[in-house]
Amino acid sequence: MTERPVSALRNFLKGEAGSGVLLMISAAIAMIMANLPGAAGHVYHDIFHMVTGPVLAPALGPMTIHLWVNDGLMAIFFLLVGLEIKREFVDGGLSTWERRRLPFIAAGAGMIAPALVYLAVTAGEPALARGWAIPAATDIAFAIGVLALLGSRAPASIKLFLTAVAIVDDMGAVAIIALAYSQGLDVMALAGAFVVLLVMFGMSRGGVRALAPYLIGFLLLWYLMLLSGVHATIAGVLAAITIPVNRTPGAPDAVDSPLHRLEHLIHPWSAYLIVPLFGFANAGITLNGEAIGALLSPLPIGVALGLLLGKQLGVFGSIWLAQKLGIAARPSGATWVQIYGMALLCGIGFTMSLFIGALAFPGQPLLVEEAKIGILGGSLLSALFGYAVLRFAPTPRSVARGAG
């Protein structure tokens, strides 16, 4: 009898430390390389801006390694995001309205509050308003990686709830990218993308189970989205919606489920190559006098405070209020202090925040660099404070013993 594979998401929750730590290491190496003395320091930037391909879309110009990573490989990351979102809605932690309620509330408040903090800090400079969404996203790999380092100090309910919040958060980020950061739309290309999407839905409804036709459709969809002015990575999420899935609630994945097969196929490449490579390509900040002087400017301060303060206020405040009003109960098996530590970890906005930061200020590299400073600063502080709170937080068992 063929043994069914373990769920990619469950496997991710067990082995997330490697992926999260690899992402941290890649970001650290990028910072070191970008700040090497003399000509060596320019190598990092020169490599990623090297022209390596034709003009695929007039708005982008000649393809560079940086564009291939951000607009090409990240589409595969978004395909995985879309697959995990669909899985969770079909037979995972978001499969019923009862299960969805609190993650949706926490994720929604956790996106609104950081945006409001950012807009309050940058209110004096209207040109910076486009960056409102930069601190709104949570980096699931980084945050879950920190939880993994805590071992048993982080309850399983906290890991599962943070994953659910981050998945809903990703949905919001995808919608923001599609609606707020699309420009110069090409109607013909959009129409072509719509036709491809309809064909893919038709294949799904018609019982096509082979992955090859869907992957071909994904490539066509990616190219048409690239031409359309809507960010090409959105093609990944749209393609994922069309992939057929077999319901396997509370059980390992079905080997005959196309969605499960595709998720297992691309998950290791995304977690251990694409996301770390994206972090390496985008985290390098040259810490010269100009960058240091910008540390206290409104953009990096707004982003950092949005991640550090806005996220914890939105996530923790909404969970507390939801329980207080009887709308939903807090995650079981966790103390309020542990939930607060988890809310702090939601302020780690590395991957999605860097991605949105580049989209928010196209053609303005200085503002993109300032956004990176705020993202790295806010994410690092959120990780350190969240780790410290969870490391020293009393567990439910110790609280019960104290009460007894």
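The values are calculated or read from the model by the stated rules, or taken from the named source; none is laboratory data. These numbers were taken from a predicted model, which means no experiment stands behind them. In this analysis, Cβ positions are derived from the backbone assuming ideal geometry, glycine residues included, and neighbour counts consider all displayed protein chains. Ligands, DNA and RNA are excluded from the accessible area calculation, which covers all protein heavy atoms including side chains. Shrake-Rupley method; radii C 1.70, N 1.55, O 1.52, S 1.80 Å.
Assorted remarks:
- Identification of helices (runs of 4 or more DSSP H) wholly contained in segment 244-313 with 1 or more residues that are of a type in the set (D, E, K, R) and modelled with pLDDT of 85 or more yields 258-269.
- Filter result for A137 (surrounded by 23 or more Cβ atoms within 10 Å (Cβ to Cβ), touching a helix residue (DSSP H, G or I) at 6+ places or on another chain (Cβ under 8 Å) and at pLDDT below 80): no
- Picking from residues in segment 104-132 that are among the hydrophobic types (A, V, I, L, M, F, W, C) and more than 28 Å from Q323 (Cβ to Cβ), the one that is surrounded by the most Cβ atoms within 10 Å (Cβ to Cβ) is L128.
- Filtered by the rule that a residue be modelled with pLDDT of 90 or more and among the small types (G, A, S), segment 208-234 gives A210, A212, G217.
- Any hit, segment 190-211, residues being part of a helix (DSSP H, G or I), hydroxyl-bearing (S, T, Y) and closer than 30 Å to G347 by Cβ: no
- Those residues of segment 9-32 which are in contact with a Pro (Cβ under 9 Å, 6 or more places away or on another chain) and at pLDDT below 70, in sequence order: R10, N11
- Listed conditions (1) in a helix (DSSP H, G or I); (2) open to solvent by 30 Å² or more (accessible area, probe 1.4 Å); (3) touching a residue at least 60 places away in the same chain (Cβ under 8 Å) are all met by A240, apart from (2).
- Applying a threshold of 6 Å to beta carbon distances and a minimum spacing of six or more residues, or different chains, the list of pairs starting in segment 379-390 at a residue that is closer than 9 Å to V146 by Cβ and ending at one that is open to solvent by 40 Å² or more (accessible area, probe 1.4 Å) reads L390/R153.
- The set of residues in segment 356-372 being part of a helix (DSSP H, G or I), open to solvent by 10 Å² or more (accessible area, probe 1.4 Å) and not β-branched (V, I, T) consists of A358, L359, P365, L366, L367, E369, E370, K372.
- For I375, the criteria (1) open to solvent by 60 Å² or more (accessible area, probe 1.4 Å); (2) assigned to a helix (DSSP H, G or I); (3) closer than 25 Å to L73 by Cβ; (4) not acidic (D, E) hold in every case but one, which is (1).
- Members of segment 28-61 found to be open to solvent by 80 Å² or more (accessible area, probe 1.4 Å), touching a Ser or Thr at 6+ places or on another chain (Cβ under 7 Å) and assigned to a loop (DSSP other than H, G, I, E, B), listed by number: H49, M50
- Among the residues of segment 145-157, those identified as surrounded by fewer than 24 Cβ atoms within 10 Å (Cβ to Cβ) and not basic (K, R) are G145, A148, L149, L150, G151, S152, P155, A156, S157.
- For segment 344-355, the set of residues classified as closer than 17 Å to V117 by Cα and either in contact (Cβ under 8 Å) with a residue 60 or more places away in the chain or among the basic types (K, R) (or both) consists of C346, G347, I348, G349, S353, listed by residue number.
- Applying the set (1) touching a Gly at 6+ places or on another chain (Cβ under 9 Å); (2) in contact (Cβ under 8 Å) with a residue 60 or more places away in the chain; (3) surrounded by 19 or more Cβ atoms within 10 Å (Cβ to Cβ) to L162 leaves exactly one unmet item: (1).
- Among (1) closer than 21 Å to I356 by Cα; (2) open to solvent by 60 Å² or more (accessible area, probe 1.4 Å); (3) free of Cβ contacts under 8 Å to residues at least 24 places away in the same chain, the one test that V187 misses: (1)
- If you filter segment 155-203 down to residues that are of a type in the set (D, E, K, R) and under 30 Å from P394 (Cβ atoms), you find that the one that is modelled with the highest pLDDT is D169.
- Test for Y272: is it closer than 18 Å to L102 by Cα and of a type in the set (S, T, Y): no
- Test: T138 is closer than 18 Å to G357 by Cβ and of a type in the set (S, T, N, Q): yes
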